[in-house]
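Some notes on the structure that comes next.
The values are calculated or read from the model by the stated rules, or taken from the named source; none is laboratory data. Note that the structure is a prediction, hence the values are computed from the model and not measured. Neighbour counts are summed over all protein chains in view; Cβ atoms, including those assigned to glycine, are modelled from backbone coordinates with ideal geometry. Just so you know, the surface numbers come from the protein's heavy atoms only, side chains and all, with ligands and any DNA or RNA stripped out. Shrake-Rupley method; radii C 1.70, N 1.55, O 1.52, S 1.80 Å.
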Amino acid sequence: MERTPTGTPVGVDDPYAHADRCDHLTGDGRCRFALEHDGDSGKRRPPSSEGHSPSGSRPEADDSRPSAGDDPAFAAARRADGYDCVVAGDADWADCPHYRSTTDGRECRRCGLDEVRMAHEDARPLLEEHHLSYGGSGGDDDRDDPAHEITVALCRWCHAKVHAGWARIDDDVNPDTEALAAREERRSKEQAEFGFRTAAERDGRDGR
Ligand SMILES: [Zn+2]
Ligand SMILES: [Zn+2]
């Protein structure tokens with residue numbers, strides 16, 4: 001099983017088997033990474049630059065500064081290909097040097113628990129971001145580590161179990177009773193808060 005740099009299990013054998021679409025993939029199948037890092041064609045403006053776009057362009061400042069992930073050769077190759085995603089062909093996510101898939105965290109990948117976000121509270125979220133793979137800076141280079149950052153959302157309960165080594169991401173389980181209780185507590189809090197707010201608004205409208 002894959003492990004984190006500190007040696008705890010990540011809960012999968014093959015991170016790519018659980019990886020979602022690339023963060024850089026646009027809705028029309030193009031590579032946003034290449035579009036944004038393409039330094040030498042018209043000052044990193046998208047190819048369809050029609051005259052002036054006063055407010056739509058990015059700040060001038062970061063034009064000259066090569067960012068950490070800059071890869072001119074990659075960007076040029078993508079440009080030559082109409083910025084199509086590498087994986088649009090026969091390639092796998094693992095084949096693209098800039099693949100990155102991080103979670104948007106709406107429900108636990110293992111048990112399906114969904115997040116309840118409280119409007120005015122910084123309580124600890126029910127869901128946490130769990131790394132299946134850390135990308136370049138993570139493991140040592142002699143090993144055949146995946147070179148991409150891949151994360152999934154796990155609820156706190158599953159997350160702890162996975163790192164403790166007795167759960168896997170693809171276990172077929174229902175949410176922990178504690179997890180369900182925590183979610184219900186949030187939901188009723190949320191409803192109470194909502195009810196309070198609408199009552200206050202109603203009273204406000206009635207002039208009291
Ligand atoms: Zn869970
Ligand atoms: Zn984790």
### Task
Those residues that are among the aliphatic types (A, V, I, L, M) and either under 20 Å from Ile150 (Cβ atoms) or away from ligand 2 (no atom under 16 Å from the Cβ) (or both), I need them from the range 104-126; list them, please.
Val116, Met118, Ala119, Ala123
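Rundown of residues vs (1) more than 16 Å from ligand 2 (Cβ to nearest atom); (2) modelled with pLDDT under 90; (3) open to solvent by 40 Å² or more (accessible area, probe 1.4 Å), yes/no style:
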residue: Gly11; (1), (2), (3): no, no, no
residue: Gly29; (1), (2), (3): yes, no, no
residue: Ser67; (1), (2), (3): yes, yes, yes
residue: Ala77; (1), (2), (3): yes, no, yes
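Within the range 9-32, work out how many residues are part of a loop (DSSP other than H, G, I, E, B) and over 13 Å from Arg168 (Cβ atoms).
10
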### Query
Do you know which of the residues in the range 79-120 that are part of a strand (DSSP E or B) and closer than 30 Å to Cys158 by Cα is least open to solvent (accessible area, probe 1.4 Å)?
Ser101
### Query
Take the residues of the range 147-161 that are within 9 Å of ligand 1 (Cβ to nearest atom) and outside any strand (DSSP E or B): which is nearest to Glu178 (Cα to Cα)?
Trp157
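Report yes if Ala167 is assigned to a loop (DSSP other than H, G, I, E, B), within 13 Å of ligand 2 (Cβ to nearest atom) and open to solvent by less than 80 Å² (accessible area, probe 1.4 Å), otherwise no. It would help to see each step written out before you state the result.
Details: assigned to a loop (DSSP other than H, G, I, E, B): yes; within 13 Å of ligand 2 (Cβ to nearest atom): yes; open to solvent by less than 80 Å² (accessible area, probe 1.4 Å): yes.
Considered against the rule, which asks whether it is assigned to a loop (DSSP other than H, G, I, E, B), within 13 Å of ligand 2 (Cβ to nearest atom) and open to solvent by less than 80 Å² (accessible area, probe 1.4 Å), Ala167 comes out as yes.
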### Query
What pairs come up if the first residue lies in the range 170-198 and is more than 16 Å from ligand 1 (Cβ to nearest atom), the second is of a type outside the set (D, E, K, R) and open to solvent by less than 100 Å² (accessible area, probe 1.4 Å), and their beta carbons are under 8 Å apart, counting only those six or more places apart or on different chains?
Arg187/Val116; Lys189/Met118; Glu190/Val116; Glu190/Met118; Glu190/Ala119; Glu193/Met118; Glu193/Ala119
